[in-house]
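For reference, the structure discussed in these notes is given below.
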Amino acid sequence: MDGHKITKVVLLACGSFNPVTNMHLRMFELARDHLEDTGLYRVVKGIISPVGDAYKKKGLIEACHRLEMARLSTENSDWITVDSWESLQPEWVETAKVVRHHYDQLQPAEQTDDDVDTVKYAKKRRAEKPSHRTKRGGPHLMLLCGADVLESFGVPNLWKQDDIAAIVGRYGLVCITRSGSDPHKFIHGSDMLWKYRKNIHVVHEWVTNEISATHVRQSLRRGRSVRYLLPDAVVRYIQEQGLYTAESEQKNADVILAPLQRYSGASTS
Amino acid sequence: MATSRVPLVLLACGSFNPITNQHMRLFELARDHMHSTGQYQVVGGVVSPVSDGYGKQGLVLAKHRVAMAKLALRSSNWVTVDDWESRQPDWTETAVTMRYHYGRILKECKQFTAAHNDDSSGNAVPLSTPSPQLKLLCGADFLESFKIPGLWQEDHVEEVAGRFGLVCVSRGGLEPERAVHESDTLSAHRRNVFHVREWVSNETSATEVRRALRRDLSVKYLIPDSVIEYIHQHNLYTRDSESINEGAVLRPLAKQPVKSLDD
């Protein structure tokens with residue numbers, strides 16, 4: 001009998017999903033293969049969590065559409081799901097909070113934190129010490145992202161240092177490489193990331209598949225085909241709803257991104 | 001009065017071993033590009049899988065490659081699969097395949113015209129639409145293949161580039177232009193070689209897909225679900241299948257040059 005205990009994992013991907021593309025979906029598949037290949041993990045669920053409109057990113061269309069497209073794209077998946085909690089919050093929510101929310105959702109009912117605004121859990125308990133979170137009986141939760149997100153940890157005022165520490169220290173990160181980025185080098189160059197390097201799983205994408213949503217939106221504006229870059233159902237939805245026009249790309253053009261607005265001037269601990 | 005657009009059919013020859021989303025993207029990109037020149041109206045696309053006689057390593061049976069292509073293109077309203085090339089007893093030169101399809105397209109066009117254009121007395125009314133054209137749709141690596149000694153007959157390169165024309169889809173960079181520049185024949189017909197840029201790097205190579213399948217890794221979202229299902233049902237793309245034709249000489253390199261047959 002195998003001496004290793006197999007750890008159950010749920011993968012959470014946060015992002016604009018503006019729109020969701022085949023590349024986003026590939027990331028889940030690659031991450032699952034990679035983790036299960038180690039023999040230590042079993043990936044039981046994937047969650048797509050589109051960001052709320054309050055993020056104020058340029059060209060970000062309404063969350064209701066982004067959610068529906070994500071749902072259509074996962075119709076044919078038996079393990080990837082879409083969650084609307086983040087997108088329904090009135091203010092932008094830090095990624096670390098989203099991670100914590102979903103982690104708490106996954107735990108057996110009687111062990112939930114009391115500061116999460118879910119109505120399901122009536123019992124209030126003291127928050128447990130961070131080091132015990134992974135032993136609460138539920139699956140591990142890891143944040144799934146591209147190498148660009150990892151590197152965004154270095155952008156001033158975009159992330160709180162505490163949040164980065166929580167994500168890599170307490171939960172875990174699965175990072176899919178893109179050509180032109182070297183995650184290992186970036187991890188090596190950050191003391192905090194290097195300290196928690198065992199929690200950062202770097203997955204090499206050998207089949208370069210860099211379908212950027214920005215490019216997809218540009219193609220749509222120019223009346224070009226995006227077929228086979230996105231699932232057919234999503235392409236149809238975009239056509240039916242008339243999404244992604246020159247006008248939609250100008251949304252939030254003169255507005256500051258929510259995290260930058262929130263953190264600039266504030267001291268990062 | 002504006003000049004009529006030339007009706008255009010795009011033909012893609014290749015192993016399609018297996019067909020991938022990237023193959024289907026080539027058609028979409030090429031159609032958009034040729035429309036945007038203002039001179040063409042793309043009326044059809046044809047996927048023509050190579051016959052087993054090609055002898056390429058890892059090439060699974062044509063019947064499977066054709067079936068997978070048909071599944072993948074079920075939902076397309078303009079691209080179809082043609083198995084003529086795959087049914088030929090020996091590997092068929094690209095120029096010969098193009099001749100076959102061009103003849104077929106002309107015939108269909110004449111039949112369509114005859115059915116729709118007779119005036120009341122049964123006389124054929126002359127068409128104002130130009131004659132349809134057939135162009136070869138390919139990636140940048142295909143242009144590189146013209147350089148490989150023994151792979152192409154010179155007069156075939158002339159026919160493919162000169163008589164028909166190429167629509168070459170690639171990522172940014174100057175490799176396709178360089179490939180044209182380095183060949184006298186291609187260069188002479190550079191106005192008949194259309195360069196389409198795919199700025200999204202979407203290099204889902206079938207080789208990588210086969211590799212992933214051998215290793216039991218996911219290929220979902222790289223190829224259509226229906227094709228994945230087919231592959232599993234028929235247990236294609238294993239370590240054994242990759243050994244097919246191992247050590248064999250690629251048929252075009254082995255074949256004696258044949259004088260061009262008249263249509």
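Observations
- Overall size of chain B from C-alpha positions, given as principal axis extents largest first: 65, 40, 39 Å.
- Taking B:Glu159, B:Glu182, B:Glu85 as the candidate residues, the one with maximal mean-square fluctuation in a Gaussian network model of chain B, Cα springs under 10 Å, is B:Glu182.
- One chain, two ends: B:His234 and B:Ala114. Fully extended at 0.36 nm per residue, the span grows by 38.8 nm beyond their Cα-Cα distance.
- Equivalent ellipsoid dimensions for the protein assembly as shown as semi-axes, Å, which come from the Cα gyration tensor, largest first: 50, 27, 21
- The stretch B:37-112: equivalent-ellipsoid semi-axes (sqrt of 5 x gyration tensor eigenvalues, Cα, Å): 24, 16, 11
- Euclidean distance of C-alpha centroids, the stretch B:212-230 and the stretch A:188-244, integer Å: 19 Å
- Applying 1/(1 + (r/R0)^6) with r as the Cβ-Cβ distance of B:Asp90 and B:Gln41 and R0 = 25 angstrom yields a FRET efficiency of 0.10.
- Rg/Rh (Cα only; Kirkwood hydrodynamic radius) as it applies to the stretch A:157-269: 1.07
- Potential extension, A:Met192-A:Leu88 segment - 0.36 nm per residue separation minus Cα distance: 34.3 nm
- One quarter of the surface of the convex hull around the alpha-carbon atoms of the stretch A:7-263 equals 14.2 nm², the direction-averaged projected area.
- For the protein assembly as shown, calculated [θ]222 nm from helices alone, where every DSSP H run of n ≥ 4 adds -39500 (n - 2.57): -10000 deg cm²/dmol
- In this calculation the C-beta distance from B:Trp78 to A:Ser181 is compared with R0 = 45 Å, giving a FRET efficiency of 0.75.
- Interatomic Cα distance distribution for the stretch A:137-204, bins of 10 angstrom, percent: 21, 59, 18, 2
No lab work stands behind these numbers, since they all come straight from the coordinates. A quick note: this is a predicted structure, and the numbers were derived from the prediction, not measured. Every residue, glycine among them, receives a Cβ derived from its backbone with ideal geometry; neighbour counts consider all protein chains shown.
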